[in-house]
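What follows is a set of notes on a single structure, which appears directly below.
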Amino acid sequence: PMYACIDPMMLFLILLWAGIGAAVILFVWLDPFRKKMLALGGKRNRNGSWSVPVDGKQVDFVYSRGSRNSPPALTLTFRDTFGAACVIRRETAADGVFKKLGVNREIQSGDVFLDAQLYFECDEPDFVKRLFSAEEARTMIKDIFTVAASVEITHTACRIKIVPCGALSGMSNDWITGIARKLLSWSRLIPRVALKPHPELDAFRRLLPLLY
């Protein structure tokens, strides 16, 4: 036979790599998250995320299956221009201890319930206060955090991260698009215009790298 002249070790490696390649292709093809994204009209991006059209907007989805030490996670991203960077997450017991010790200076939203349940990280405290001055924003963020672990706002995107997100089998298409619509509704409430610059704060930011 033709392969009789091939070194046995070389033949083994060829068959091994062929088997691995076939397994990878089969795994990708049968990936349940891929099937869900395709069913929603999604397209895979070069970075591995999926862009799904929702109400005329594009929402990016990233699903992590998790491991022994980390639960599965679902991240939704809507790209647009926003006025400041801010992270909102659930407040932990450690946050409470650090606040009592004076180590953490948490930004306050002005809402008693939100300030007790959530932790705000932002370089512009006035941005947080302006965002949550509207009752609609306060109601919306409470609704989002019934499922979300954190919400991130950057100058170019807004994200909702759900950890743990549960098994894919428990995520219906309606549930997925429902979360996406919450993200889009939330993004419309975020101020697009940056606040007036603070010369003292800008000077401190330039000096900060020199201190380490």
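Restricting to region 152-167, and then to whatever is hydrophobic (A, V, I, L, M, F, W, C) and in a loop (DSSP other than H, G, I, E, B), can you tell me which residue is farthest from the chain's Cα centre (by Cα)?
167
Which condition number in (1) over 22 Å from residue 152 (Cα atoms); (2) part of a loop (DSSP other than H, G, I, E, B); (3) at pLDDT 70 or above is the one that residue 103 fails?
Among (1) over 22 Å from residue 152 (Cα atoms); (2) part of a loop (DSSP other than H, G, I, E, B); (3) at pLDDT 70 or above, the lone unmet condition for residue 103 is (3).
Every residue in region 136-189 that is small (Gly, Ala, Ser) and in contact (Cβ under 8 Å) with a residue 24 or more places away in the chain, please. Give the steps one after another, and end with the answer.
The initial filter retains those residues of region 136-189 that are small (Gly, Ala, Ser), namely 137, 148-150, 157, 166-167, 169-170, 172, 178, 180, 185, 187.
Answer for region 136-189, where residues must be small (Gly, Ala, Ser) and in contact (Cβ under 8 Å) with a residue 24 or more places away in the chain: 137, 149, 150, 157, 166, 167, 169, 180, 185, 187.
The values are calculated or read from the model by the stated rules, or taken from the named source; none is laboratory data. What you are looking at is a predicted structure, and each value in this text was computed from that prediction instead of being measured. Note: ideal-geometry Cβ built from the backbone for every residue, glycine included; neighbour counts use all protein chains shown.
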